[in-house]
Structures are given as structure tokens and as C-alpha cells.
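Following this message is one structure expressed as C-alpha cells.
Values in this text are rule-based calculations from the coordinates and carry no lab data. Computed from a prediction, not measured in an experiment: that's the story for all the values here. Positions of Cβ are backbone-derived with ideal geometry, glycine not excepted, and every protein chain shown enters the neighbour counts.
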Amino acid sequence: MTTTSNLLWGALAIGVVTGMRSMLAPTMVSQALAERADIEGAGEPARTLASRQVRRYVMPLAAGELLGDKMPFAPDRTIAPSLLVRALSGGISAAALAGARRQPILLPALIGSSAACLAAKVAIDLRKRYGTNAWVNAGLGLAEDCLAVSLGNAGLRRALQDR
């Protein structure tokens, strides 16, 4: 596979993660990029997400979201403000991956944003269908967390591999 196709697959995976957990993807991308030695010459989205200032905020936001998602009062992820945050988060995270690879950022950003919106709808529909009570819903939320982390790790490996 080429660098571009790996990047696009990674952008798709990161977008899906963002649809499930809006702050998990930027947190994962931020951490992965901060560990790279060549980030100084990368594009602006990559340098910004890799910065210490951003990492200081995204990790607690992601942790709070992972906990809050299981609560019965958690807002619906498909309402307009939530979808907007997810689209921005997915697009910026995917653009940062492209910037780290010294690739154009527009297509990965569009893929990340679109995947985030679609995944938000699909994931919540599945949770609503099978999460018939609070305990089942919380269990499904934990399973969704595991899927999001696994998919995010796979997407990062793919997008940032050197082949």
C-alpha cells in the first residue's frame, strides 16, 4: 500500500473513533504525534495537536467523555452541536495525521469529518436498539470504548507507518 492510501485508511479509522468518542481521537493523535521526532517540520494541525498545551487539555476531556458517556443524562451525540464538534474533531485529527506525513490535508480532513458524523449515528442507533436498561447501556458503552481504542490504534499505525 502507498503512503497516501495508508493515510486515508487511517483518516477513516480516526473519523469513526471520533464519531464514537469525540475527544478520544484527538487525544490518541496528539499522543502519537508528540512521540515523533520529526514533528517540528510537519504541518500546522500536526504541530498543534502534538503541542504540550493541547495534550494538557485533550486527555482530561477524553477521560471525562469516557465516563460521562455511560450516564443516563449524557446528551445525544447526533444533535447538531455534538455533530459539529465531532466533525471538527475528526477533521482536525485526520488533518494532523496528513500534516505529520507531509501530505495534503484536505481529503483526509473531509474523510475524518464525514466518518465521524456517520459513525456517531450508527453507534448511537445500535446503543439505543440494544441498550434496553442502564446496565446494558453501560456495558455497550464499555464495548464501544474498547472498539474505539482498538480502531484508533490500528488507524494510527496504518496512517503513520513508513511504507
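Of these, Leu110, Leu142, which one is in a helix (DSSP H, G or I), out of contact with any His (no Cβ under 8 Å at 6 or more places or on another chain) and more than 14 Å from Leu8 (Cβ to Cβ)?
Only one candidate passes the filter, namely Leu142.
Next question. Return the residues of the range 116-163 that are in contact (Cβ under 8 Å) with a residue 24 or more places away in the chain and β-branched (Val, Ile, Thr); say none if nothing qualifies.
Val122, Ile124, Val149, listed by residue number.
Take the range 116-139 and flag every residue that is polar (S, T, N, Q) and outside any helix (DSSP H, G or I).
Thr132, Asn133
When only residues in the range 9-57 that are hydrophobic (A, V, I, L, M, F, W, C) and not in a helix (DSSP H, G or I) count, which is surrounded by the fewest Cβ atoms within 10 Å (Cβ to Cβ)?
Ala37
While we're on this one: Taking the range 76-86, which residues are within 12 Å of Ala25 (Cβ to Cβ) and buried (at least 19 other Cβ atoms within 10 Å of the Cβ)?
Within the range 76-86, Arg86 is the sole residue that qualifies.
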